[in-house]
Amino acid sequence: MRFGNTTGSYGAVARVLHWATVLGILVLVPLGLIASDLAHVLRDAASPDPAMLARAGQLFSWHKTLGLAVFLLAVLRISWAMTQPRPGLLNADRRLEAGLAETVHWLLYGSLVAMPLTGWMHHAATEGFAPILWPFGQGLPFVPKDVALAEVFGVMHRVSGWVMGAAIVLHVAGALKHHLIDRDATLRRMVTGEGPALLPTARRHVLPAMLALAVWGGAVGLAAGPLLMPVEGMVRAEMPALQAGGGEWRVTDGTLGLTVQQFGKPVTGQFADWTANIQFTDNPAEPRNGRVEVQVAIASLTLGSVTAQAMGADFFDAATHPVAVFRADILRGDAPGAFVARGRLALKGVELPLELPFTLVMDGDVARMTGQAVLDRRGFGIGQTMADAGTLGFEVLLDVALSATRP
């Protein structure tokens, strides 16, 4: 068995890599289309079906994992081709046809890299949903979590798919034309390795590469269009008016975030609009050192790719319950700088006890606190249809960090 190429035909390695790539694409395309159709149905549903959501997540995970495998396979295939003789064209005397074939090959190679790579970048920029099934992490260096950036990568992924689809159609049509009309060995040499022993080495012309580059330039320009336009926000409930923060301490900056496990992976979000009314006196002689009331605009939450779903009736129901309120006493802990806010959280029409342990660092009239609390979403009627913790975790981690000054 001949493993390497000759100037007349392809070796076993090139043929195996070629047909493995074909098989990967034949599985990837229906996986992606079915998963996308399910996602559109779920997005339009008032109350998503948990089984359908789990199925969509599983299909997307398989699609992403196989797509990454095809990307690595394409890199290996291109690297191997660069080390091997390039078999000459059997129709080299027909310059227009040969030039078109070479252009299509450039488009195919570009698609095999661009389509899975942009899909990987879209995944890396998106917070949560359908993890890649491998142990090496979900992110990419230099690709931040950003909704607008994820949208651009998503468009680039779809446009790459259109280019790949067109190139595959032309490639298959050319192979069938060679096999059925010209009756030469072009297709057979990729199937069985049959072909002339020697041919003039295929020359690399600049024009086909330039034509392929022009096609890719147009595709990238089409995909990058959203960067040139204002990003339209998702449909949200009307933002409620919150009571202005007050008390003895005024919050100067801070973050209020949450983390939930979706398909076994953490999804992190933040509330952009919230106020705190803080009464606090640092008195070691007293167990109770103050009181706090926090109001949170639910519609200000950003939760990665599932923000719109989180606002729905089965989850936060922001339209009906636009504000969450936490009222608590501030109690001293056992260690220096340790406190706990012990009170009740009113969320989605339900009021339950909640304790928020936190640490406090005082610097004159400036206070800095960080704290975490865990609540069970089921107690507040959030995600009642999501009864499987593997799809959507029951525990929600709240993260609070703020700086406040005393006027």
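Here, each number is a calculation from the coordinates, and none is a lab measurement. Worth saying up front: this structure is predicted, and the values here are computed from it rather than measured. Neighbour counts are summed over all protein chains in view; Cβ atoms, including those assigned to glycine, are modelled from backbone coordinates with ideal geometry.
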Placing one identical point scatterer on every Cα of the stretch 250-405 and ignoring solvent, what is log10 I(q)/I(0) from the Debye formula at q = 0.09, 0.13, 0.20 Å⁻¹?
-0.30, -0.61, -1.29
Computed over the chain, the convex hull of the Cα set has an average projected area, in nm², of 25.7
Sorted by chain and number, the residues with a modelled amide H under 5 Å from that of Gly383, at a separation of 5 or more or across chains, are Phe315
Where a label projected 7 Å from the Cα of Ala272 along Cα→Cβ would reach, residues of the stretch 293-311 with amide N under 20 Å
295-311
Apply the Karplus parameterisation 6.51 cos²θ - 1.76 cosθ + 1.60, with θ equal to phi minus 60°, to every residue of the stretch 348-354 and state each ³J(HN,Hα) to the nearest whole Hz, in sequence, with x for glycine and proline.
6, x, 10, 10, 9, x, 8
Restricting to Cα pairs under 8 Å and 6 or more apart, the percent relative contact order of the chain works out to 15
Select from the stretch 1-102 those trypsin sites (Lys or Arg not before Pro) which occupy a DSSP coil region and have at most 15 other Cβ atoms within 10 Å, ordered by residue number.
Arg2, Arg94
Report the Cα centroid-to-centroid distance between the stretch 1-38 and the stretch 65-92 in angstrom, as an integer.
9
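In percent, how large is the relative contact order of the stretch 250-405, given Cα pairs closer than 8 Å and 6 or more residues apart?
Reported relative contact order: 27 percent.
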Could you tally the net charge around Thr405, taking each other residue with its Cβ under 15 Å from the Cβ of Thr405, Lys/Arg +1 and Asp/Glu -1?
-2
Sum up the charges of everything whose Cβ sits under 15 Å from the Cβ of Leu96, counting Lys and Arg as +1 and Asp and Glu as -1, but leave Leu96 out.
-1
For the stretch 100-181 the mean separation of alpha carbon contacts under 8 Å (6+ apart) over residue count, i.e. relative contact order in percent, is 43
By the C-alpha gyration tensor axes a ≥ b ≥ c (rounded if a/c is under 1.5, else prolate when a/b exceeds b/c, else oblate), the shape of the stretch 238-339 is prolate
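Just to be sure I follow the definition: excluding the sites themselves, where is the longest run in the chain that has none of the chymotrypsin sites (Phe, Trp or Tyr not before Pro) in a DSSP loop with at most 14 other Cβ atoms within 10 Å?
So the longest stretch without any such site is 143-407.
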